1. Out of curiosity, is residue 95 in contact with a strand residue (DSSP E or B) (Cβ under 6 Å, 6 or more places away or on another chain), farther than 14 Å from residue 27 by Cα and modelled with pLDDT of 95 or more?
2. Looking at the range 55-63, is at least one residue touching a helix residue (DSSP H, G or I) at 6+ places or on another chain (Cβ under 9 Å), surrounded by 11 or more Cβ atoms within 10 Å (Cβ to Cβ) and at pLDDT 95 or above?
3. Scan the range 19-32 for residues that are more than 14 Å from residue 98 (Cα to Cα) and either part of a strand (DSSP E or B) or touching a residue at least 40 places away in the same chain (Cβ under 8 Å) (or both) and jot them down.
């Protein structure tokens with residue numbers, strides 16, 4: 001059940017059937033497997049942060065961000081392939097899970113990285 005009300009916005013989502021979410025600054029994500037294919041379920045919340053600190057929620061922010069992303073993924077899909085599969089709710093985007101490509105970074109930088117390493 002979402003921890004949500006119209007005056008405070010969507011702070012986070014709990015979906016017991018999917019387990020504990022991977023929480024980011026704005027999105028709560030789950031990785032699911034359907035017919036041998038991994039998908040990422042992303043719920044865009046109304047969380048607002050500054051300097052890596054949660055400061056408030058902005059009601060409707062998650063829906064605007066998610067629908068804006070979905071609009072451009074749809075408009076540019078003929079130009080470049082993307083990960084979007086469907087948008088079953090204004091706050092939810094289901095995408096194909098990306099494959100790790102750090103083997104390439106290992107060849108370029110000559111060192112091994114763990115899966116949580118991000119190139120900046």
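1. Numbers: in contact with a strand residue (DSSP E or B) (Cβ under 6 Å, 6 or more places away or on another chain): yes; farther than 14 Å from residue 27 by Cα: no; modelled with pLDDT of 95 or more: yes.
For residue 95, the condition - in contact with a strand residue (DSSP E or B) (Cβ under 6 Å, 6 or more places away or on another chain), farther than 14 Å from residue 27 by Cα and modelled with pLDDT of 95 or more - is not met.
2. No, every residue in the range 55-63 fails to be touching a helix residue (DSSP H, G or I) at 6+ places or on another chain (Cβ under 9 Å), surrounded by 11 or more Cβ atoms within 10 Å (Cβ to Cβ) and at pLDDT 95 or above.
3. At the first step, the residues of the range 19-32 found to be more than 14 Å from residue 98 (Cα to Cα) are 19-28.
Residues satisfying the conditions are 22, 23, 27, 28.
The values are calculated or read from the model by the stated rules, or taken from the named source; none is laboratory data. Given the structure is predicted, the values throughout are model-derived calculations rather than measurements. Glycine gets a Cβ as well: all are built from the backbone with ideal geometry, and neighbour counts include every protein chain shown.
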